[in-house]
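Notes follow the structure.
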Amino acid sequence: MNIFDLGTGLIVYTLVVVFLAGIVRGYSGFGFSALVTLSLSLFLPPSMVVPMLMLMEIIASIHMMPTVWRNVDRTTLALLMGGSLVSVPAGAYLLANLPDAQLRLVISAMVLATTILLWRGYRFPLKGRKRLALGTGLASGMMTGAAGSGGLIVAVMFLSISAEMAIVRATLVAYVMFQSTYMAGVAGVYGLISLQTLIAAAVLTIPMFAGIAVGHRTFVASAQATYRRFVLITLMVLSVAGIVRALMG
């Protein structure tokens, strides 16, 4: 992706999208890639956008880690990553062999249905939390490899067990960093990351960091109920947008 080859209007649009997605990332700890992909894929092919976003997710997480690391649930993080490492290649296989619209429709519908259940007060049983985290990691890796949306199901898991918002956000930040690093390595092996990708990611970190700063300040002043409601609404919006995009082909 060569950002300098885009028209002035599209450059401004990209900067605004990245800034707004950065606010969501700084506040909730996830959603950056999903928002940017949905917005930019209206004008640019995903093959140009996704590799750049992998790098930006790593940079964003490294930037946020000093302020969130003490709140990371390390056991849950390890289980999530264990599942993800196993299933990312399977998701990539599905991406290569199934229509993108079909994959996006199934994943978005599943996330939307689960989010609605959570909105209505459903909670997963307290027993079996480790199995739940491992299973979520497997599902997340599959979703990331197939459609780049693995962070959504992890957010659903945390909401379903009513974890504290600081722990949810911190663990999501750490998980996205490790998973994106793994995915970037896979993309590099397949030659999907070029010099232009690196330049675009570097340029767009400026509005991303500005957005993250705004989102972080908002998070510090937020209550648990406000954070939960925001994440649920974000999940619903992203799920519905994914369904609409899939149906429109």
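The values are calculated or read from the model by the stated rules, or taken from the named source; none is laboratory data. Predicted, not measured: the structure shown is a model, and the values here were computed from it. Neighbour counts run over all protein chains shown; Cβ positions are idealised from the backbone, glycine included.
Values as computed for the structure displayed
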| item | result |
| --- | --- |
| Boolean, G191 is modelled with pLDDT under 80 and not β-branched (V, I, T) | yes |
| Pair list, Cβ under 7 Å, 6 or more apart: the stretch 169-183 residue crowded, with 24+ Cβ neighbours inside 10 Å, other residue among the aromatic types (F, W, Y) and not in a helix (DSSP H, G or I) | L172/F30; V176/F30 |
| Leading residue by the ranking (nearest to F209 (Cα to Cα)) among those in the stretch 18-33 that are crowded, with 21+ Cβ neighbours inside 10 Å and at pLDDT 90 or above | G22 |
| Flag for V86 being surrounded by 15 or more Cβ atoms within 10 Å (Cβ to Cβ) and either at pLDDT below 85 or among the β-branched types (V, I, T) (or both) | no |
| Candidate set: the stretch 209-249, residues that are closer than 24 Å to I62 by Cα and among the polar types (S, T, N, Q); chosen: the one modelled with the highest pLDDT | T218 |
| Condition check for V12: free of Cβ contacts under 8 Å to residues at least 24 places away in the same chain and either of a type in the set (A, V, I, L, M) or in contact with a Pro (Cβ under 9 Å, 6 or more places away or on another chain) (or both) | yes |
| Test set (1) β-branched (V, I, T); (2) more than 14 Å from V176 (Cβ to Cβ); (3) buried (at least 19 other Cβ atoms within 10 Å of the Cβ) - V36 fails condition number | (2) |
| Residues being surrounded by fewer than 17 Cβ atoms within 10 Å (Cβ to Cβ), in a helix (DSSP H, G or I) and among the small types (G, A, S) - total across the stretch 220-240 | 1 |
| Restricting the stretch 193-219 to residues that are assigned to a helix (DSSP H, G or I) and hydroxyl-bearing (S, T, Y), the residue that is nearest to A166 (Cα to Cα) | T218 |
| Qualifying residues in the stretch 195-204 (those that are surrounded by fewer than 18 Cβ atoms within 10 Å (Cβ to Cβ) and touching a residue at least 24 places away in the same chain (Cβ under 8 Å)) - the one nearest to P89 (Cα to Cα) | L198 |
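Residue-wise test of (1) in a helix (DSSP H, G or I); (2) at pLDDT 90 or above; (3) over 30 Å from P99 (Cβ atoms).
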| residue | (1), (2), (3) |
| --- | --- |
| F124 | no, no, yes |
| K130 | yes, no, yes |
| A139 | yes, no, no |
| I153 | yes, no, no |
| A187 | yes, no, no |
